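To keep things clear, I will list the structure first and then write my remarks on it.
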Amino acid sequence: MKLKDIAAALNGQLHGPEDLEIMGPGKIEEAQTGQITFLANPKYQQYIASTRASAIVIDQELPDLKIPYILVSNAYLAFMQVLRLFTPRQHDYFDGVSEQAIVDPTAELHPSVKVGPLAYVGPNVKVGKNTVIYPGVVLLKNVKVGEDCILYPNVSVREDCVIGNRVILHNGVVVGSDGFGFAPFNGVYHKIPQIGNVIIEDDVEIGANSAIDRATTGSTIIHRGCKFDNLVQIAHNVKVGENTAIAAQSGIAGSAEIGKNVIMAGQVGVVGHIKVHDNVIIAAKSGVSKDVPQGKVMFGIPAMEMNKKKRIEASMRHLPDLMKRIRELEKELEELKATLKNKL
């Protein structure tokens with residue numbers, strides 16, 4: 001692409017030759033001649049002098065910048081658009097419904113839907129326009145999938161679950177597996193039927209090998225705009241608010257409620273039947289055991305406010321010295337007591 005065309009697509013200000021040919025994007029420290037890069041994080045500014053990129057996307061004027069650049073309001077967001085400009089069209093390697101797929105005659109698929117080989121589409125399933133179903137996907141009875149969705153290989157959506165529009169489910173995602181419900185009686189665990197479903201609203205993306213359990217009754221709900229990393233576990237009857245992001249290996253126990261715009265880093269655990277309110281941030285490897293008020297930043301096991309936890313962690317580093325000092329003071333106190341006793 002010409003540099004001027006990229007600048008126009010980004011709605012940015014071009015500073016450099018309009019007809020400069022750009023072959024693709026690259027990281028600032030690795031980009032080669034003919035590539036365009038970006039700078040959004042100040043710690044990468046050290047590479048400005050050494051980068052071999054032919055152009056750069058920035059969101060602030062840099063003194064002595066010697067390569068052509070495009071000035072935008074948000075360099076990170078703009079570079080995402082650059083990646084899209086250079087990304088080839090996906091899902092073009094099969095069209096229509098493969099003869100090797102199994103589609104129940106009662107299923108309703110929009111004519112634009114693509115279904116790959118060895119996929120299974122069960123009774124009364126409904127799939128909206130432009131949705132792509134990759135090989136090995138299983139949609140059991142009464143499943144509803146909206147428009148412009150992508151279900152990658154080996155995704156399983158169990159009976160009665162509902163998927164909104166523009167949802168992306170990566171390889172191995174399981175939607176609607178049974179909730180972990182058992183009633184112990186006389187030393188035996190008795191399975192509690194899980195008769196609810198899962199509802200995933202629009203614009204949700206769920207990473208590979210994540211599992212969203214169906215509700216015991218009612219619905220497990222993933223609200224609009226949520227983004228889950230790989231290996232995320234959502235238990236039965238959980239509700240996750242809009243635009244919440246959850247990183248890998250995090251798990252939320254049954255009937256917990258997660259608010260809007262929450263950020264959970266990797267390996268966070270949330271116990272059941274509590275509420276994490278809106279705009280909370282939970283740091284990696286934290287264990288949340290009680291309700292979290294709106295806007296708090298939490299860390300640790302058990303999770304507590306970040307600043308308090310940091311003070312505790314700092315104090316723990318001094319604990320051996322403090323214990324030694326306490327023993328010295330105890331010894332001095334005993335000696336003082338003995339001296340006073342002798343005087344009396």
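Counting only residues that are assigned to a loop (DSSP other than H, G, I, E, B) and within 13 Å of the chain's Cα centre (by Cα), which one in the stretch 199-223 is farthest from Arg158 (Cα to Cα)? Spell out how you get there, then give the answer.
Within the stretch 199-223, the subset assigned to a loop (DSSP other than H, G, I, E, B) is 201-204, 207-210, 214-218, 223.
Right, trim to within 13 Å of the chain's Cα centre (by Cα) and you get 203-204, 207-210.
Details: Asp203: 20, Val204: 18, Gly207: 17, Ala208: 17, Asn209: 15, Ser210: 14 Å.
By that ranking, first place goes to Asp203.
Selection of first residues in the stretch 217-228 that are within 13 Å of Glu257 (Cβ to Cβ) and of second residues that are crowded, with 24+ Cβ neighbours inside 10 Å and of a type in the set (D, E, K, R), restricted to Cβ pairs under 8 Å at least 6 apart or on distinct chains, gives the following pairs, ordered by first then second residue: Thr220/Asp213; Thr220/Arg214. Identify all residues within the stretch 200-220 that are of a type outside the set (Asp, Glu) and surrounded by fewer than 21 Cβ atoms within 10 Å (Cβ to Cβ); write none if there are none. Across the stretch 200-220, the qualifying residues are Gly207, Ala208, Asn209, Ala211, Thr216, Thr217, Gly218, Ser219. The set of residues from the stretch 245-284 being surrounded by fewer than 18 Cβ atoms within 10 Å (Cβ to Cβ) and among the basic types (Lys, Arg) comprises just one member, Lys275.
Can you find a residue that is hydroxyl-bearing (Ser, Thr, Tyr), over 30 Å from Gly136 (Cβ atoms), surrounded by 12 or more Cβ atoms within 10 Å (Cβ to Cβ) and out of contact with any Lys or Arg (no Cβ under 8 Å at 6 or more places or on another chain) anywhere in the stretch 32-50? Quick ask: steps written out before the conclusion?
Quick first cut of the stretch 32-50, residues hydroxyl-bearing (Ser, Thr, Tyr) only: 33, 37, 44, 47, 50.
Add one more test, that the residue is over 30 Å from Gly136 (Cβ atoms), and what stays is 33, 37, 44, 47, 50.
This time we only want the ones that are surrounded by 12 or more Cβ atoms within 10 Å (Cβ to Cβ), so: 37, 44, 47.
Restricting the remaining residues to those that are out of contact with any Lys or Arg (no Cβ under 8 Å at 6 or more places or on another chain) gives 44, 47.
Scanning the stretch 32-50 turns up at least one residue that is hydroxyl-bearing (Ser, Thr, Tyr), over 30 Å from Gly136 (Cβ atoms), surrounded by 12 or more Cβ atoms within 10 Å (Cβ to Cβ) and out of contact with any Lys or Arg (no Cβ under 8 Å at 6 or more places or on another chain).
Return the residues of the stretch 228-239 that are assigned to a strand (DSSP E or B), under 12 Å from the mean Cα position of the chain (by Cα) and buried (at least 24 other Cβ atoms within 10 Å of the Cβ); say none if nothing qualifies.
The first filter runs over the stretch 228-239 and keeps only residues assigned to a strand (DSSP E or B), leaving 228, 233-234, 239.
In the following step, the residues that additionally are under 12 Å from the mean Cα position of the chain (by Cα) were identified as 228, 233.
Within the stretch 228-239, Phe228 is the sole residue that qualifies.
Does the stretch 92-102 contain any residue that is modelled with pLDDT of 95 or more, assigned to a loop (DSSP other than H, G, I, E, B), out of contact with any helix residue (DSSP H, G or I) (no Cβ under 8 Å at 6 or more places or on another chain) and closer than 30 Å to Ile221 by Cβ? The answer is yes, given that some residue of the stretch 92-102 is modelled with pLDDT of 95 or more, assigned to a loop (DSSP other than H, G, I, E, B), out of contact with any helix residue (DSSP H, G or I) (no Cβ under 8 Å at 6 or more places or on another chain) and closer than 30 Å to Ile221 by Cβ.
Answer with yes or no whether Gly12 is at pLDDT 95 or above and either surrounded by fewer than 16 Cβ atoms within 10 Å (Cβ to Cβ) or farther than 28 Å from Pro88 by Cβ (or both). Spell out how you get there, then give the answer.
Numbers: at pLDDT 95 or above: yes; either surrounded by fewer than 16 Cβ atoms within 10 Å (Cβ to Cβ) or farther than 28 Å from Pro88 by Cβ (or both): no.
No.
Consider Gly300 carefully, then state whether it is on the phi > 0 side of the Ramachandran plot, surrounded by 10 or more Cβ atoms within 10 Å (Cβ to Cβ) and without any contact (Cβ under 8 Å) to a residue 40 or more places away in the chain.
yes
Strands (runs of 3 or more DSSP E) fully within the stretch 1-83 that include at least 1 residues being of a type in the set (Phe, Trp, Tyr): 35-39, 69-71.
The values are calculated or read from the model by the stated rules, or taken from the named source; none is laboratory data. All of these numbers come straight from a predicted model, not from anything done at the bench. Every residue, glycine as well, gets a Cβ built from its backbone with ideal geometry; the counts of neighbours run over all protein chains shown.
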